[in-house]
1. Are there GluC sites (Glu not before Pro) in the stretch 9-69 that DSSP marks as loop and that have at most 10 other Cβ atoms within 10 Å, and which are they?
2. Mind checking the angle between helix 237-248 and the chain's longest principal axis? C-alpha axes, 0 to 90 degrees, to the nearest 10.
3. Output the relative contact order of the chain, whole-number percent, from Cα pairs under 8 angstrom with separation of 6+ residues.
4. Using the Karplus curve 6.51 cos²θ - 1.76 cosθ + 1.60 with θ = phi - 60°, what ³J(HN,Hα) values do you get for each residue of the stretch 48-53, in whole Hz, with x for Gly and Pro?
5. For a quick protection proxy, order the peptides 522-535, 279-292 by their average other-Cβ count within 10 Å, most packed first.
6. Output wanted: per-residue J couplings in Hz (rounded whole) for the stretch 18-23, from phi through Karplus 6.51 cos²θ - 1.76 cosθ + 1.60, θ = phi - 60°, x for Gly and Pro.
7. Ser146 to Glu295: FRET efficiency via 1/(1 + (r/R0)^6), r the Cβ-Cβ distance, R0 30 Å, to the nearest 0.05?
8. What is the angle, in °, between the Cα long axis of helix 113-125 and the longest principal axis of the Cα atoms in the chain? Nearest 10 is fine, range 0 to 90.
Amino acid sequence: MAVFWADRKAEEIRGRRKFHYLDRELPEFERYVVKSSASISGVLHIGRLSDTIRGESVVRALRDAGEEAALIWVAEDMDPLRKIPEGVPGELEEYIGTPVSSTPDPWGCHSSYAEHHVSEYLEVMGEFLEVEPERYSMREEYRRGSFRPYIKKLLENLELVVEILNKYRKEPLEGGWSPFTPVCKSCGRIITPRVERFDGRKVHYRCRDYSFEKHIARGCGYEGEADPLRDEGKLMWKSEWAAQWARWRVASEGAGKEYVVPGSAWWVNAEICERVLGFPMPVPIFYEHLMVAGEKMSASLGNVIYPREWLRVAPPQLLRFLYNKKLMKTRSFSWRELPKLYDEYDYVARVYHGMESVDNEREEEHLRRLYEMSQIGEPQPALPLPFSHAALVAQLFSSREAILASLKRSGHYVEELEEELLRRVAYAREWVVRHAPERKLSLLESLDDVRDTLSPEQRRFLRLLHEWLSQGERSGEEIQEKIFLLAEEAGVKAPLAFRAIYLVTLGSPRGPRAGPFLASLDRDWLLTRLREAGE
């Protein structure tokens with residue numbers, strides 16, 4: 001069995017032979033389609049990318065196994081506007097309950113609210129993917145008539161649809177229920193028309209108020225009828241999802257862990273898909289959601305991270321790495337913890353390139369495949385520059401020449417990786433400014449305010465350090481080890497020795513790891529400062 005989750009999913013998809021709910025052989029698949037989608041009722045953040053990145057990993061695993069496979073991405077733009085996300089102009093309140101593709105763009109640069117968010121999202125989505133997805137709009141699909149055969153089949157087998165739905169409900173559906181919801185012909189909302197009966201050909205509805213969690217969609221009171229095969233509207237989710245699977249012949253799709261439980265929309269649609277529409281349910285890719293500060297990423301909470309925001313401080317490969325780790329493990333993300341994610345990524349890069357050994361062979365195989373799947377194109381080289389040190393250099397030096405000189409002094413420079421190293425320093429600079437202002441550093445201009453705070457032992461330690469560094473170039477690790485020896489020789493405890501270093505260089509009692517920090521500084525400046533401080 002494969003060690004990496006996407007390869008195991010590919011094996012499951014390729015090895016499947018029968019329907020789940022029916023004793024029937026699977027049809028032939030000319031290609032395996034993996035579907036991803038996003039509701040446009042809220043803003044599109046990196047949490048939405050998790051589904052697409054994971055789906056694309058399965059496509060790549062299928063292709064690596066020699067299969068024809070494709071990724072499709074569907075904009076759920078017939079969904080109603082349910083809320084006003086943080087940062088969106090409040091005048092949209094009157095459009096609550098209207099399809100997002102019929103809701104105006106409050107910024108005035110696109111034809112609709114949906115188009116604004118989708119176009120902005122799609123501009124950057126491709127930067128996170130190696131496989132180009134086929135893109136679809138539910139609004140366009142309904143208007144084109146692509147779902148008409150499935151609506152017809154659902155209505156022709158309405159009793160069976162109701163039977164399946166009632167299996168998972170505490171209260172059975174009322175008579176006259178319809179899986180098709182029309183758009184109100186008077187006010188244009190899609191959530192307020194309440195179907196009162198279905199006569200076998202048309203749905204009869206009344207437009208009434210509908211309450212969301214924070215907003216109320218106001219019904220206009222209109223009473224009318226709609227033909228599901230001709231008039232504007234959409235299927236309810238517990239039938240629409242099934243129709244999507246049959247429409248695009250989907251072999252696999254991702255979904256959050258909440259859908260694992262029996263009775264969830266996944267399993268209801270799975271049964272409808274097989275028993276009513278005659279198409280086998282997809283192989284599910286269940287996964288945990290990304291948590292931010294202990295809460296699920298949500299536009300209504302205002303804790304979202306946008307794709308462009310991510311690309312300012314990290315390459316797309318790093319987000320792919322985050323999502324391609326174990327599926328059913330909670331991912332908790334904090335901007336302050338970004339250096340740790342970089343460190344983990346760098347470790348796996350070294351494993352991939354044979355620079356780091358792993359005792360367990362299967363674990364090594366897993367890490368190598370994880371790194372490979374996190375790449376876009378050819379695997380990137382392992383960078384010998386920890387992100388925390390890149391952040392340090394980014395703050396102390398501004399010019400290209402000064403940055404490269406510092407990296408050479410600290411032993412983090414590799415000539416053929418020069419551009420990649422500079423790019424990481426640029427990412428780190430943005431990260432400090434935007435997300436870690438408490439880590440901002442600057443060299444102390446004058447010793448006037450700190451000279452009197454140093455003990456005789458600390459000054460002796462600084463003299464010894466100056467004397468040793470004057471003898472020749474030293475690496476960051478050499479300096480780090482020597483500090484302890486010199487502190488002992490000077491009769492000062494190690495923490496006070498480090499404190500002295502930070503006070504005379506940064507004017508602060510704390511700072512970054514001292515050895516690499518001192519190695520990165522301009523040698524003449526450092527020797528002058530240590531000599532003056534030790535006097």
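None of the figures in this text is laboratory data; all of them are computed from the coordinates on show. Everything quoted here is computed from the prediction, not taken from an experiment. Here Cβ is always computed from backbone atoms with ideal geometry, including for glycine, and neighbour counts include all displayed protein chains.
1. On the way: sites: Glu11, Glu12, Glu25, Glu28, Glu30, Glu56, Glu67, Glu68; in loops: Glu28, Glu30, Glu67, Glu68.
Within the stretch 9-69, the qualifying GluC sites (Glu not before Pro) (loop, at most 10 other Cβ atoms within 10 Å) are Glu28, Glu30.
2. Approximately 80 degrees, to the nearest 10.
3. 12 percent
4. The phi angles translate into 5, 5, 4, 5, 5, 4 Hz.
5. Details: 522-535: 15.9, 279-292: 20.1.
Ranking, from highest mean packing down: 279-292, 522-535.
6. Here the 3J(HN,Hα) series is 10, 4, 8, 9, 10, 8 Hz.
7. According to the calculation, E is roughly 0.20.
8. Value to nearest ten degrees: 50.
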